[in-house]
Amino acid sequence: MAARENQGYLIAVILLVLLSVILAIATFFGFSSMMEASGRADELQASLDAERKASLAYQAQGDILKAYLGVEGKSIAEVPTSQEQLNMSGVAAVIDETGRITEAYNTDMASYVNKPEGVDLNYRGLMQD
C-alpha cells in the first residue's frame with residue numbers, strides 16, 4: 001500500500017517539473033519577442049520624430065510663402081517667427097530651399113516701384129502696382 005501512495009506523489013512531481021519546463025520555455029520566447037518589439041518601437045519612434053520635424057518645417061515654410069504672396073491673414077511681420085521655427089526643425093533641405101526663395105523675394109521687392117508706407121511688401125501688392 002505504501003507503493004501506491006508514493007506513486008501519486010511521483011506523478012505530481014513529474015507533472016510539476018513538466019509544467020515548470022513548459023513555463024520556462026514560454027517565458028523565454030515571450031521575452032525574446034518582447035525585446036525585438038521594443039527595438040522596433042524605438043526605430044519607429046525615431047522615424048516619427050524625424051517626420052514630425054519635417055512636417056513642422058514644411059508648415060513654417062508654408063507660412064513664410066503665404067506671407068510673401070500676400071495671403072489674407074499672413075503678414076510679413078510673422079516671417080521672422082516662422083523662420084525661427086524652420087531653423088529649429090533642423091531640416092536642411094527645407095531651410096536651404098526657403099533661403100533661396102527669400103533671396104528671390106528680397107530681390108523682387110527691391111525692384112518695387114511705388115513702395116507704399118506702412119503696407120507689407122508682397123507679391124500681391126507688386127502685381128497690383
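Using only helices, what value at 222 nm comes out for the chain when you add -39,500 (n - 2.57) per DSSP H run of length 4 or more and divide by the total residues, to the nearest 500 deg cm²/dmol? Could you put the intermediate results ahead of the total?
Working: 4 runs with 104 residues, N = 129.
Using -39500 (n - 2.57) per qualifying helix, the result is -28500 deg cm²/dmol.
Can you quote the Å³ per residue value for the convex hull of the Cα atoms in segment 1-46, rounded to an integer? Before the final figure, lay out the partial values.
Details: hull volume 1.5 nm³, N = 46.
Cα convex hull per residue, to the nearest whole number: 32 Å³.
Find the eigenvalues of the gyration tensor of the Cα atoms of the chain, then list the square roots of 5 times those eigenvalues as equivalent ellipsoid semi-axes, largest first, in whole angstrom.
Values: eigenvalues 1097, 28, 12 Å².
Semi-axis lengths for the chain are 74, 12, 8 Å.
For Lys74, give me every one of the lysines with a C-alpha distance below 21 angstrom, ignoring sequence neighbours fewer than eight places off in its own chain.
In chain and number order, the partners are Lys66, Lys115.
Per the 1.4 Å probe, what fraction of the accessible area of segment 60-115, in percent, lies on carbon and sulfur atoms? Don't skip to the end; give the middle numbers.
Details: 1770 of 3240 Å².
Answer for segment 60-115 is 55 percent, counting heavy atoms of protein chains only.
Charges on Cβ only, +1 for Lys and Arg, -1 for Asp and Glu, centred on the Cα centroid of the chain; of Leu23, Leu48, Gly70, which one is farthest towards the dipole's positive end?
Working it through, the farthest residue towards the positive pole turns out to be Leu23.
Relative to the longest principal axis of the chain, what angle (0 to 90°, nearest 10) does the C-alpha long axis of helix 92-110 take?
Between the helix axis and the principal axis of the chain, the angle is about 10 degrees.
Run the dipole for the chain about the Cα centre, Lys and Arg Cβ at +1, Asp and Glu Cβ at -1, nothing else charged, and hand back the magnitude in debye, nearest 20.
Working: 9 positive and 17 negative charges, 114 e Å.
For the chain, the charge dipole is close to 540 debye.
Using a 1.4 angstrom probe, figure out how much accessible area segment 33-96 has per residue, in square angstrom, rounded to the nearest whole.
On the way: 4210 Å² over 64 residues.
So segment 33-96 comes to 66 Å² accessible per residue, rounded to a whole number.
Cβ under 14 Å from Ala104's Cβ, Ala104 left aside: what net charge do those residues give with Lys, Arg +1 and Asp, Glu -1? Don't skip to the answer; put the middle values down first.
Values: positive: Arg100; negative: Asp96, Glu97, Glu103, Asp108.
Taking every other residue near Ala104 into account, the sum is -3.
Does segment 77-116 classify as rounded, prolate or oblate by the C-alpha gyration tensor (a ≥ b ≥ c root eigenvalues; a/c under 1.5 gives rounded; else a/b over b/c gives prolate, otherwise oblate)? Please list the in-between numbers first.
Numbers: a/c = 6.49, a/b = 1.93, b/c = 3.37.
Oblate.
The values are calculated or read from the model by the stated rules, or taken from the named source; none is laboratory data. As the structure is a prediction and not an experimental result, all values here were calculated from the model. So basically every Cβ, Gly included, is an ideal-geometry build from the backbone, and we count neighbours across all protein chains shown. We work out accessible area using only protein heavy atoms, side chains counted, and drop any ligands, DNA or RNA first. Shrake-Rupley method; radii C 1.70, N 1.55, O 1.52, S 1.80 Å.
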